[in-house]
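Scroll down for the structure; my scribbles are underneath it.
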């Protein structure tokens, strides 16, 4: 083989070698580029964080309008010492003072224990007192009712009504002596007092 032919063959081999090396580089580069593209984690789409406590997310329904009707209860009462029924037996000298130290109005009855006739039926306002005069001789029971909102037709309280009586009878005696006449004066309280001796007991409405 001639020297020129050897040089030409050597040049071909050298260029072939370079070509194949470049091709390998390009090929590897292409594979790496593809692998990188395929293996890349896709970027997530934009997301919106919603705070459940944010009022802009939740639309409140329109506020409901309510109509409140206020009912005012007006209590009915009588004047202090008003006679609920006309008095009887006002021919005596006996007196009875009744003190109502409770927070409710009251009505008292003075009833004959034997005939069960009512001699006095009188209204007493809360924290007031009355004095009954002209009570004749009788053995009487003092009954009373307390409450609110007096009903003149039924002659009783419409609300918070309670009924009681004193266990000890009131003996309105009138005794004539050489010097004149002796009579009885009583004082009763409808509220508990210190050192009080009179006892009361609850009774039924029909027994009032």
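The values are calculated or read from the model by the stated rules, or taken from the named source; none is laboratory data. Bear in mind the structure is a predicted one, so any value in this text is a computation, not a measurement. Here Cβ is always computed from backbone atoms with ideal geometry, including for glycine, and neighbour counts include all displayed protein chains.
For residue 134, state whether it is crowded, with 17+ Cβ neighbours inside 10 Å and on the phi > 0 side of the Ramachandran plot.
Judged against the criteria, residue 134 is not a match.
Which numbered condition in (1) at positive phi; (2) in contact (Cβ under 8 Å) with a residue 60 or more places away in the chain is the only one that residue 186 fails?
(1)
Could you identify the single residue in 120, 176, 159 that is loosely packed, with under 13 Cβ neighbours inside 10 Å, modelled with pLDDT of 95 or more and part of a strand (DSSP E or B)?
None of the others qualify; the one that does is 159.
Being outside any loop (DSSP other than H, G, I, E, B) and in contact (Cβ under 8 Å) with a residue 40 or more places away in the chain is the filter; apply it to region 189-208 and report the residue that is farthest from residue 122 (Cα to Cα).
202
Among the residues that make up region 143-153, is at least one of them farther than 21 Å from residue 75 by Cα and touching a strand residue (DSSP E or B) at 6+ places or on another chain (Cβ under 6 Å)?
Looking through region 143-153, at least one residue is farther than 21 Å from residue 75 by Cα and touching a strand residue (DSSP E or B) at 6+ places or on another chain (Cβ under 6 Å).
From the list 83, 114, 100, 127, exactly one residue is assigned by TED's automatic domain parsing to the domain that holds residue 188, more than 36 Å from the chain's Cα centre (by Cα) and in contact (Cβ under 8 Å) with a residue 12 or more places away in the chain. Which is it?
114
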